[in-house]
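Working notes, structure below.
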Amino acid sequence: MGSFLSYSVAGLVSLALHLGLLAVLFVGWEPETTKVMIQPQYIKATLVELAPKKTVQPKAKPKVDVAKQKREAQKRKDKQRSDKLAAQKKAQDKKREQEFKKELSEKKRLEALRLAEEQRLRDQQEAERKRLETEFAEAVAAEQADINAQEDERVANSYRQLIQQRLSENWSRPPSARLGMEATIRIYFVPTGRIIEVTLEASSGDSAYDRSVVQAALKVEQIVELQGMDASLFERKFRQIPVAFSPEDLRL
């Protein structure tokens with residue numbers, strides 16, 4: 001209700017003001033003249049009261065926790081120190097690893113050299129052993145060969161004496177034989193002991209003497225004892241033999 005009354009009063013006041021204005025206009029009106037006067041209208045200014053400006057209060061600085069800052073600073077220092085120590089440890093570990101690898105490589109190299117030297121000594125000893133064995137075997141073989149040669153020569157001499165005896169038994173010295181004469185023939189045998197050929201190698205200078213020695217070998221014809229001779233000995237010493245005839249001696 002109060003609100004309605006306020007609006008009514010305001011409306012009446014406004015109406016009164018407009019009527020008053022119209023009255024002034026009519027009352028002040030005059031007939032047309034040569035001079036026109038324009039009066040300024042005055043407007044009543046009403047001071048508008050502005051709302052007071054809000055003062056911006058500066059934000060209060062947060063309270064500094066010095067102890068917390070010190071702790072954080074200490075943590076950063078500790079972390080830096082820890083990182084530095086970790087980096088140093090990593091570098092040291094890497095260096096130790098490199099040194100270990102180098103040392104291991106050196107050990108392997110030395111071990112390889114040691115093994116190579118041991119192998120060289122073993123090879124040298126083995127070569128020396130083989131050389132001694134070879135020399136010993138050669139010495140034994142040479143000694144055995146010498147023994148065999150002596151034995152072969154002993155056996156051969158016995159066969160030579162047999163051949164000499166058979167030739168002497170079948171040789172008839174001619175009347176032209178003289179001291180100092182000598183004729184050499186070569187007799188060819190086969191393993192059965194049979195004589196297959198007789199050739200005159202050196203003449204005595206007397207044809208009758210030469211014929212007599214050839215005839216003596218042909219008369220023998222065969223020495224059967226040669227059949228029991230070792231085949232290698234026969235091939236080396238009795239396949240063919242020279243025989244020298246002289247009036248004093250018959251030499252093979």
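The values are calculated or read from the model by the stated rules, or taken from the named source; none is laboratory data. If you're wondering where the values come from, they're calculated on a predicted model, not measured in any experiment. Virtual Cβ from ideal backbone geometry, glycine too; neighbours counted across all protein chains shown.
Only a single criterion out of (1) in contact (Cβ under 8 Å) with a residue 60 or more places away in the chain; (2) within 14 Å of residue 241 (Cβ to Cβ); (3) touching an Asp or Glu at 6+ places or on another chain (Cβ under 8 Å) is not satisfied by residue 167, namely (3). Only one of the numbered conditions (1) over 14 Å from residue 164 (Cα atoms); (2) touching a Ser or Thr at 6+ places or on another chain (Cβ under 9 Å); (3) at pLDDT below 95 is not met by residue 236, and that is (2).
Among the residues making up the stretch 173-216, those that are in a strand (DSSP E or B), closer than 21 Å to residue 227 by Cα and in contact (Cβ under 8 Å) with a residue 12 or more places away in the chain are 186, 187, 188, 189, 194, 195, 198.
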